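The values are calculated or read from the model by the stated rules, or taken from the named source; none is laboratory data. Predicted, not measured: the structure shown is a model, and the values here were computed from it. Glycine also receives a Cβ, built like all others from the backbone with ideal geometry; neighbour counts cover every protein chain displayed. What goes into the accessible areas is simple: the full protein's heavy atoms, side chains included, and nothing from ligands, DNA or RNA. Shrake-Rupley method; radii C 1.70, N 1.55, O 1.52, S 1.80 Å.
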Amino acid sequence: MPVARAKRARVLAAPLLALAIAGGASAAPWQVSASRNGAPARAGIANDQGDRLAVFADRAGAVTLEFAPAAPSPLRTGSCPTFQIDARPLLHHGRAGETCTVDDHQARYSLGRADNRRLESPPLYQLMNGSSVAFRFATRDGAYHEAKFPLTRSKNAILRVLGRDLDVQPGAAVEPP
């Protein structure tokens, strides 16, 4: 009987070790979800807290980054969540407007539109080539939150959705206003 108990303990310990190594962010790589009911295909990931992140292109070719937190309170709609890839400068901060829209449950960032299968987009380039991204945001109840996502296999998933022949360039970084 002791041998069976030891074997069962090893079997149960493996998943717990994997969770400990993941450190709160999702250990799963980015995935591709097929288009459904007219919605575009998406490359995305969900972290262990239920926050979701996705990249997709509409029929006109405009590329969008969508962040949907699992926060219990609605997002504050006057300003967009900031996001930071690795230790680089913040990529977006400020009021909602032309490049970012926010509603109660998600923020959407315009990442550009391809021209002849070439797209200059510092955020998209960094999402495809970075290690992790952190979003910081406020909810209507005044609380401040952070959501982190690994970028494991993001490049592969994003190019499967946007087209493997898309040439994404880092472009010139935009300075904050």
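Considering only residues that are in contact with a helix residue (DSSP H, G or I) (Cβ under 8 Å, 6 or more places away or on another chain), assigned to a strand (DSSP E or B) and either at pLDDT below 95 or open to solvent by less than 50 Å² (accessible area, probe 1.4 Å) (or both), which ones fall in the range 33-52?
43, 44, 45
I'd like the full set of residues that are open to solvent by 60 Å² or more (accessible area, probe 1.4 Å) and within 22 Å of residue 151 (Cβ to Cβ), limited to the range 92-115.
93, 99, 108, 110, listed by residue number.
Looking at the range 158-177, is at least one residue of a type outside the set (A, V, I, L, M), open to solvent by less than 60 Å² (accessible area, probe 1.4 Å) and closer than 13 Å to residue 43 by Cα?
Looking through the range 158-177, at least one residue is of a type outside the set (A, V, I, L, M), open to solvent by less than 60 Å² (accessible area, probe 1.4 Å) and closer than 13 Å to residue 43 by Cα.
Enumerate the strands (runs of 3 or more DSSP E) found wholly within the range 53-111, keeping only those where 2 or more residues are under 13 Å from the mean Cα position of the chain (by Cα) and within 24 Å of residue 142 (Cα to Cα).
62-68, 79-85
Kindly establish whether residue 138 is farther than 26 Å from residue 62 by Cβ and surrounded by 15 or more Cβ atoms within 10 Å (Cβ to Cβ).
Against the criterion (farther than 26 Å from residue 62 by Cβ and surrounded by 15 or more Cβ atoms within 10 Å (Cβ to Cβ)), residue 138 qualifies.
Scan (1) open to solvent by 50 Å² or more (accessible area, probe 1.4 Å); (2) closer than 23 Å to residue 32 by Cβ; (3) of a type outside the set (Gly, Ala, Ser) for the single condition residue 123 breaks and write down its number.
Of (1) open to solvent by 50 Å² or more (accessible area, probe 1.4 Å); (2) closer than 23 Å to residue 32 by Cβ; (3) of a type outside the set (Gly, Ala, Ser), only one is false for residue 123: (1).
For the range 80-91, indicate whether the set of residues that are surrounded by 15 or more Cβ atoms within 10 Å (Cβ to Cβ), touching a Cys at 6+ places or on another chain (Cβ under 8 Å) and not charged (D, E, K, R) is non-empty.
yes
Taking the condition of being under 14 Å from residue 90 (Cβ atoms) and either aliphatic (A, V, I, L, M) or in a loop (DSSP other than H, G, I, E, B) (or both), how many residues in the range 128-155 meet it?
3
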